[in-house]
Amino acid sequence: MAVGVAMANGGVQSLYSGKMTPFVVLSCMVAAVGGVIFGYDIGISGGVTSMEPFLEKFFPEVYTKMKHDTKISNYCKFDSQLLTSFTSSLYVAGLVASFFASSVTRAFGRKPSILTGGAAFLAGAALGGAALNVYMLIFGRILLGVGVGFANQAVPLYLSEMAPPRHRGAINIGFQLCVGIGVLSANLIN
């Protein structure tokens, strides 16, 4: 853990050697890659919800309306509470999970919290990929949201603690960079 202590004479004495070792670099890179998963989950739903095979299988009423009303503009053309629930379930679950993630991280540490988020991501992706109906799909998105809540809370803390004091800002921005890479990847795939 990176720690500094303020001395009474106004100087700062480091209790942490602050060397950038290969282990520190690798640990921070692996942790920051959780941001790619988060960014991908944010960016992918927009393209998926406009794909005809997806709409035909999971939201047939939206697909039928889209096929019959060809003169509707692209702005707000889908008026479906279920489709809105699919999209927003990730964000609502992430919000709720982030409140609990703080307590879990404080009680059990950063690594178990990151692993919990990773397990939720894995379960949500598996459930979403194997979904047979819209409710399985939404539950998968809820699990992805739990992963988002835990990752967004624990990963930046972990990166701050792993990084040497002189490199903390650069290492911490790695998570945000990975989120951006994930969003870019999702939009390129869409």
So, in segment 125-148, how many residues would count as being assigned to a helix (DSSP H, G or I) and touching a Phe, Trp or Tyr at 6+ places or on another chain (Cβ under 9 Å)?
12
Got a number for residues in segment 122-181 being of a type in the set (K, R) and under 30 Å from M20 (Cβ atoms)?
2
Is it the case that L144 is surrounded by 15 or more Cβ atoms within 10 Å (Cβ to Cβ), in contact with a Ser or Thr (Cβ under 9 Å, 6 or more places away or on another chain), under 29 Å from P60 (Cβ atoms) and among the hydrophobic types (A, V, I, L, M, F, W, C)?
yes
Take the residues of segment 161-180 that are buried (at least 19 other Cβ atoms within 10 Å of the Cβ) and among the aliphatic types (A, V, I, L, M): which is nearest to R106 (Cα to Cα)?
M162
Between residues in segment 55-66 that are over 16 Å from I138 (Cβ atoms) and residues that are among the hydroxyl-bearing types (S, T, Y), which pairs lie under 6 Å by C-beta distance while being six or more apart or on different chains?
E56/Y63
Taking the condition of a type outside the set (G, A, S), within 12 Å of the chain's Cα centre (by Cα) and buried (at least 23 other Cβ atoms within 10 Å of the Cβ), does V183 pass?
no
The condition of being touching a residue at least 40 places away in the same chain (Cβ under 8 Å), in contact with a Pro (Cβ under 8 Å, 6 or more places away or on another chain) and closer than 23 Å to F150 by Cβ holds, among V24, V36, only for V24
Subset of segment 104-127, residues farther than 19 Å from A163 by Cα and under 16 Å from the mean Cα position of the chain (by Cα), comes to L115, T116, G117, G118, A119, A120, F121, L122, A123, G124, A125, A126
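Any read-out appearing in this document is the output of simple, stated calculations on the displayed coordinates, not a laboratory observation. What you see is a predicted model, and the numbers here were worked out from it, not measured in a lab. Counting neighbours? That spans all protein chains shown, and the Cβs are built from the backbone with ideal geometry, glycine included.
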